[in-house]
C-alpha cells in the first residue's frame, strides 16, 4: 500500500477527527462554566484521576514491574509534565479570566509555536512557505489578543488568561516535538490506552503536585454537587480519553498534516458552544482571526 493511498480522508476519518475538537471546545466551555465551583489546578488533577480510573482496565499492564514504562520513565515523566501537567493546567488557569473563544483561538496558534520550538531547539529547517503560513496564523492570534483594535496592541493589555494560554501552547509544542522524536517501545506506542497511561502515571503525579501547591498557596476550593460532578465526568471521559482515542486513530488514517487542520475547528465549536451555554457571543474579529489562522495553516502545509 503506498503512503498516498494509505492516508485517505474518508467520511469516517473526517468524523473521527471532528469529534476531538468538539470535545476540546466543550472542555473549554465547561472549564469556564465551573470556574466558581473548583480551583483550576484541582480541576485538572481530578480530570486526570477520572481518566486514570477509566484507563486502568485497558492498560494496567503498563504499570507492572517489568513493563517498558519503567525503562523509559524519564521520557514519560517529561511527556506527562508537558502534555498532562502543564498544558491542561494552563488552560484551566486561562479560563478564569479569558473566554473559551479566546483561549481556543490562542491555542490554535500551535503550528506557529511548533515551528519556533522546532527551529530553535530541535534543529528543524523551516521553508519560506511554512514561515509565511505561520506569520498569517500569528496575525490571527494578534487580532484576538487585541480584541480587534490594532491600536490596542500598542498599549497591549493582555488578560492573564491570554498569557497562560500562550504558555500552555508552548508547552504543548515541546510535547509534540518530543513525541515525534522519542522512540518508545512499540508495544506501548501502538496501543493508545497504554501510551496514554504511560504519560498519565507521571502526569497525574505532576498535576497532584500542582494541585497541592494550589491548596497550600491560594484559597483553593471545590464545591462538590451534581453540576460539578457532571462537569468532571464529562471532561474526564470526553476530552481526556475519548478525544484522545479518536484523534490517535484519525491521525493514523489521515496523516498528521491533514489532521492538524481539523484542530482549528476547536475555536469554531467553542464560539458556537459559548453562545449557547455562556451567552458569550463571538465578535467579528473572532471570525477574521479564524480565517487568518486556518489560511496560514493551509499555506504552510501545502507541498
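The values are calculated or read from the model by the stated rules, or taken from the named source; none is laboratory data. In this text the structure is predicted, and so the values were computed from the model without any measurement. Cβ: placed from backbone, ideal geometry, glycine included. Neighbour counts: every protein chain shown.
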So, in region 210-223, how many residues would count as being without any contact (Cβ under 8 Å) to a residue 24 or more places away in the chain and within 15 Å of residue 44 (Cα to Cα)? 1
Could you please give the count of residues in region 88-98 that are surrounded by fewer than 24 Cβ atoms within 10 Å (Cβ to Cβ) and under 11 Å from the mean Cα position of the chain (by Cα)? 0
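Residues in region 179-186: is at least one under 18 Å from the mean Cα position of the chain (by Cα) and at pLDDT below 85? Lay out the reasoning, then the answer.
Of all residues in region 179-186, those under 18 Å from the mean Cα position of the chain (by Cα) come to 179-180.
Narrowing further to those that are at pLDDT below 85: 179-180.
The answer is yes; a qualifying residue exists.
If you check 193, 205, which single one turns out to be at pLDDT below 90 and assigned to a helix (DSSP H, G or I)? Spell out how you get there, then give the answer.
Details: 205 fails: at pLDDT below 90.
Only one candidate qualifies: 193.
Right, residue 9: outside any helix (DSSP H, G or I), surrounded by 14 or more Cβ atoms within 10 Å (Cβ to Cβ) and either in contact with a helix residue (DSSP H, G or I) (Cβ under 6 Å, 6 or more places away or on another chain) or at positive phi (or both) or not?
Yes: the conditions hold for residue 9.
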Test: residue in region 78-86 that is out of contact with any strand residue (DSSP E or B) (no Cβ under 9 Å at 6 or more places or on another chain) and surrounded by fewer than 20 Cβ atoms within 10 Å (Cβ to Cβ): yes
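Take the residues of region 224-241 that are in contact (Cβ under 8 Å) with a residue 40 or more places away in the chain and surrounded by fewer than 16 Cβ atoms within 10 Å (Cβ to Cβ): which is farthest from residue 15 (Cα to Cα)? Break it down into steps so the answer makes sense when it comes.
Residues of region 224-241 that are in contact (Cβ under 8 Å) with a residue 40 or more places away in the chain, as a first pass: 225, 227-228, 231-241.
Of the ones still in play, those that are also surrounded by fewer than 16 Cβ atoms within 10 Å (Cβ to Cβ) are 225, 227, 233.
Values: 225: 34, 227: 29, 233: 23 Å.
Among them, the one singled out is 225.
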Residue 72: passes all of (1) modelled with pLDDT under 90; (2) surrounded by fewer than 17 Cβ atoms within 10 Å (Cβ to Cβ) but (2)
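Quick check on residue 211: is it over 30 Å from residue 9 (Cβ atoms) and either in contact with a strand residue (DSSP E or B) (Cβ under 6 Å, 6 or more places away or on another chain) or outside any loop (DSSP other than H, G, I, E, B) (or both)? Walk me through how you get there before you give the answer.
Details: over 30 Å from residue 9 (Cβ atoms): yes; either in contact with a strand residue (DSSP E or B) (Cβ under 6 Å, 6 or more places away or on another chain) or outside any loop (DSSP other than H, G, I, E, B) (or both): yes.
Yes, satisfied.
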Can residue 123 be described as over 18 Å from the mean Cα position of the chain (by Cα), at pLDDT below 85 and surrounded by 22 or more Cβ atoms within 10 Å (Cβ to Cβ)? no
Could you check region 218-282 for helices (runs of 4 or more DSSP H) lying wholly inside it with 1 or more residues that are modelled with pLDDT of 85 or more, farther than 17 Å from residue 92 by Cβ and over 18 Å from the mean Cα position of the chain (by Cα)? 226-237, 265-277
Within the bounds of region 16-27, is there any residue that is closer than 19 Å to residue 190 by Cα, over 18 Å from the mean Cα position of the chain (by Cα) and in a helix (DSSP H, G or I)? no
